[in-house]
Amino acid sequence: MPPATMMTGAYGQQPSGSDGIDSTAVHNFCTSQKANGGSSSPSNHLPGIGAQRGAHLLGEDLYKKLANYLTDHLKHLVSEAEAHKDEALLAFYIREWQRYTNAAKYIHHLFKYLNRHWVKREMDEGKKNIYDVYTLHLVQWRDVLFQAVSKKVMDAVLKLVERQRLGETIEYTQIKQVVDSFVSLGMDEGDNTKTTLEVYRYHFERPFLEATKVFYQNESKQFVAENSVVEYMKKAEARLAEEEERVRMYLHPDIALHLKKTCNQALIAEHSTLLRDEFQALLDNNREDDMRRMYSLLSRIPDGLEPLRTRFEAHVRKAGLAAVAKVAADADKLEPKVYVDALLEIHTQYQGLVERAFNKEPDFTRSLDNACKEFVNRNEVCKSGSNKSPELLAKYTDVLLRKSSTGVEEAELENTLTQIMTVFKYIQDKDVFQKFYSRMLARRLVHSNSNSDDAETSMISKLKEACGFEYTNKLQRMFQDMQISKDLNTGFKEHVASLNMDGKPLDSTYSILGTGFWPLVPPNTSFVAPAEISADCDRFTRFYKNKHEGRKLTWLWQLCKGDIKANYMKGAKMPYIFSVSAYQMAILLLFNEKDQYTFEELASITQLNADVLEGALGILVKAKVLTAEGGEGGKIGPGATFSLNYDFKNKKYRINLNVGMKSETKQEEAETNKTIEEDRKLLLQSAIVRIMKARKKMKHQQLVSETINQIKARFMPKIGDIKKCIEILLDKEYLERLEDDELGYLA
Amino acid sequence: GPDDALNQLFDRLVGDEDRAAAGAGKPVEAIGAEAAQAYISSMGANIENVEAFVVLEIVRADSIGQITRQGFVEGWSSIYLDHRIPADQAHHRNYVRMCIQNLPQNPAYFKKVYQFAFGLGKEPAQKALEKDVALVFWDLFLGTESSDTGLGPRPWKSKNVDWLGAWKRFLAEKWTRSVNKDMWNQTLAFAEKTMVDETLGFWNEDQAWPGVIDDFVLWCREQGIAKAPAPGAAGGEEMDVEDY
């Protein structure tokens, strides 16, 4: 195939007024001055060369001619393009672009010699507007054809896209080809190995984004006018997905981010107030899917979610307060379980919402936590005292861990304990929980009515995990004491057996509880233990002291209990067994000697004080084990005489007489609360001393806030209380006042 | 040296009772109430009021009823060292007069005597001042026109407020405990501030004032004694609001 024909074929048609070129000609043309300075080469169609001297001048001539040739060709195409529009124009543009770029590759190859020498030299010398031949083609296309038709082409593209957005199927490969063409025209004029996206961005991206914005502004404005917000969100979500797909199908990836921003602005940001206003209604009606949609939409715009979080927090708080108010009607009789369940229900519900609708986002979790902290610590039930929440939570834990008739499955128990910890996390006064918990743990252990050791251990380790070693130290020690006591009792039994005593030894069990670890105090009355048990007690004391020299044992008689067999009743087929307190035991055993005692006699023999004696007798009389006569105003007290009731009858043979009175529990609660206040004062003072010891000098205000920081994990101290403690320390001369509101540490 | 002269001066103060208290033949290390009062008067100070405290502060007395030899000698000796006041009755009298004149005018000196008085007033075994004693002492130091003992050297009042009167009323209503050292000292610090700013604008609850002072401020506001400065109002003065 002759080169000239190839040329013609390459551009698609014979350009008028120009000759064909072939590679030999180019080579000769460029090198002719070497041969014989002016004689023409065999196919020298280009005029005026002979007069020129050197490859330089010849190359420039050739380059210019090529450029002119291309200009002419492209101008012709421009005039042809005028006949087309819309899709036809796109087809025309794409077809011509492909022909042109194909040919450009050939020509580039053809002009290799020119590229390598003249063009290279020119470019090395820094000449502007000289390109390798292929780039020259692109530059000419851009400057002549693209300049003239790009806007029309782009209009056609946008029309096509709009038709697609309106639901038509379109030939989108055309758009992709236009994009490719526009991108190709972004050559870096300084370096032909590089391209820039500037041409594409200006001529394609910019109008595309503008059209997108206008389209969605119009569409969404109309849509929200005619539809609900919920519907709108579905529409917007679909549109956003569609646009992402569009990028993937036929747009340049460079547009992705900008397009997303444009869509977010038009579809979401411009309607964000409308969306947010709907949020409360969605919350109220628990429309989870719609909330998830709203979340995902608003998460796409800057600061879109903050107002949602605020509303969410307020809503959860309100829901929590309402749930508590519902069960708080009779706060005094409120079941711990009912209260804790009410708290948990709200937490569970909204934690679920955060997980499913709000993508488990930490900020929403924080809002949930804030709200829970608020309604757990300040609600209808806590009005009577801020200690109420931790107290009820501890009581519920006690209910769960105590032996009960309604056995709970191990796995279910563990599950419930985990839920307890959820509420515990929100409790502000963790020290109050600790106080009540340790009191009730002590009771469970001493009376051995704990449900399971595993559950007890599990709960303690949960608390340890949440609050640290110090928090559970005493609880763990209590637990250990019980284990050690078990071994001790085994040893004691062996010891007693080895003594070869006459008769059957007392069936006894002793618990050794470390002073300072147990929330227990010595009895508030004197007491002489009955002879029937005191011998064994003394034996145990000797046994223990032999093992642990120097330890002091204090008998906590108020916690002791035992079973006694009663076989004196007339007409009883078998003896009754009474479960009694040590005090009641001492009283009843006296009736082995005679049938009647006065209150004063009992008091003098047992050495119990009047209050305790009255309490112990009260139950015995109420259960009709004893009968009472006399006494001032019929009361069980001084002046009364007590007789053994031989006619005692009961349906059950085992009877528990060791029941505490209501007033005792109330008193215990009041005591617990009192020790909390005292412990807090000590805790605050030691924190203040610790801080001052480290800092030596400190401004009053700084000291207060530092103290709050150190203490708040246990409880939220009041500033007034901290001030009081500072005053106490000033008075005790641990601290001194310095100038200017500053305090100093006195070693 | 001056110490010998001071010891001789002290010996002259000793009365029969003091000698009896010390025991026969033993050196007298302290003089009791009668001799002490006589000494205070001999120094030209009024035994009935705060002037007595000036003398007792100089001789480092532990209580109102007693002056020790050690305190007397050390006290005057250090004044000799600081001021070259010769150890004789006449010069001591002059020095005491100068101190009494200074009391209302030199706040630092006033504060020294005021704080010293705490130790004088409390029972040796106690850590705090009995409330009744503290009330008398406040009258002596800070007395205003409403005080039984009349004006003190530094009356605790400002243009519109008789602060001491208010303080005493407040304590009568709200305070039953004794007065510890911090409360005693801080009362003067607080008094000094109120005399500069009677709106109590200097106070804020985050500061280190003892709780009793905080309570007093709130009580004053309740009573309308010190109006909280209106927010934004310049100088804490109230705006005139006309009734229509």
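The values are calculated or read from the model by the stated rules, or taken from the named source; none is laboratory data. Quantities reported herein were computed from a predicted structural model and do not represent experimental measurements. In this analysis, Cβ positions are derived from the backbone assuming ideal geometry, glycine residues included, and neighbour counts consider all displayed protein chains. Areas reflect the complete protein model, heavy atoms only, side chains present, ligands, DNA and RNA absent. Shrake-Rupley method; radii C 1.70, N 1.55, O 1.52, S 1.80 Å.
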| Selection status of A:Ser643, open to solvent by less than 90 Å² (accessible area, probe 1.4 Å), more than 14 Å from chain B (Cβ to nearest Cβ) and assigned to a strand (DSSP E or B) | yes
| request: From the list A:Val659, A:Val612, pick out the single residue that is modelled with pLDDT of 85 or more and closer than 23 Å to A:Pro523 by Cβ. | output: A:Val612
| task | Scan the range A:200-224 and report the pairs whose first residue is without any contact (Cβ under 8 Å) to a residue 60 or more places away in the chain and whose second residue is crowded, with 17+ Cβ neighbours inside 10 Å and not in a helix (DSSP H, G or I), with Cβ atoms within less than 6 Å and a gap of 6+ or a chain change. | result | A:Tyr200/A:Gly186
| Residue check: is A:Thr627 closer than 20 Å to A:Ser581 by Cα, assigned to a strand (DSSP E or B) and either within 14 Å of chain B (Cβ to nearest Cβ) or open to solvent by 30 Å² or more (accessible area, probe 1.4 Å) (or both)? | yes
| query | With respect to A:Ser448, is the statement that it is of a type in the set (S, T, N, Q) and open to solvent by 70 Å² or more (accessible area, probe 1.4 Å) true? | reply | yes
| task | Could you list, in sequence order, all residues of the range B:99-114 that are surrounded by fewer than 15 Cβ atoms within 10 Å (Cβ to Cβ) and not in a helix (DSSP H, G or I)? | result | B:Gln105, B:Asn106
| message | Kindly evaluate B:Lys127 against the criterion of being open to solvent by 30 Å² or more (accessible area, probe 1.4 Å) and assigned to a helix (DSSP H, G or I). | response | no
| B:Val133: more than 14 Å from chain A (Cβ to nearest Cβ) and closer than 30 Å to B:Lys193 by Cβ, yes or no? | yes
| task | For A:Lys723, work out the one condition from (1) more than 10 Å from chain B (Cβ to nearest Cβ); (2) modelled with pLDDT of 90 or more it doesn't fulfil. | result | (1)
| query | Given the conditions (1) more than 24 Å from A:Arg201 (Cα to Cα); (2) among the charged types (D, E, K, R); (3) open to solvent by less than 80 Å² (accessible area, probe 1.4 Å), which single one is not true for A:Glu270? | reply | (3)
| remark: Given the conditions (1) within 45 Å of the chain's Cα centre (by Cα); (2) in a helix (DSSP H, G or I); (3) under 30 Å from A:Leu590 (Cα atoms); (4) not acidic (Asp, Glu), every one holds for A:Ser511 apart from (2)
| field | Which listed residue, of B:Ala189, B:Ala172, is within 14 Å of chain A (Cβ to nearest Cβ), in a helix (DSSP H, G or I) and either over 28 Å from B:Gln105 (Cβ atoms) or open to solvent by 30 Å² or more (accessible area, probe 1.4 Å) (or both) | value | B:Ala189
| query | What residue, of A:Lys697, A:Lys718, A:Lys732, A:Lys693, is within 14 Å of chain B (Cβ to nearest Cβ) and modelled with pLDDT of 90 or more? | reply | A:Lys697
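Would you mind stating whether A:His252 is more than 30 Å from A:Phe279 (Cα to Cα), assigned by the TED database to the domain that holds A:Glu288 and either open to solvent by 40 Å² or more (accessible area, probe 1.4 Å) or touching a Gly at 6+ places or on another chain (Cβ under 6 Å) (or both)?
The answer is yes for A:His252.
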| task | Would you kindly identify the helices (runs of 4 or more DSSP H) lying entirely within the range A:67-166 that contain at least 2 residues that are open to solvent by 30 Å² or more (accessible area, probe 1.4 Å), out of contact with any Leu (no Cβ under 6 Å at 6 or more places or on another chain) and within 25 Å of A:Arg206 (Cβ to Cβ)? | result | A:86-110, A:147-165
| Qualifying positions in the range B:78-87 - surrounded by 12 or more Cβ atoms within 10 Å (Cβ to Cβ) and either among the aliphatic types (A, V, I, L, M) or at pLDDT 90 or above (or both) | B:Ile79, B:Ile85, B:Ala87
| A:Tyr106 is checked against (1) over 60 Å from the mean Cα position of the chain (by Cα); (2) at positive phi and fails just one. What number does that condition carry? | (2)
| note | If you go through A:Arg246, A:Arg239, the only one that is among the basic types (Lys, Arg), part of a helix (DSSP H, G or I), open to solvent by less than 30 Å² (accessible area, probe 1.4 Å) and farther than 19 Å from A:Val157 by Cβ is A:Arg239
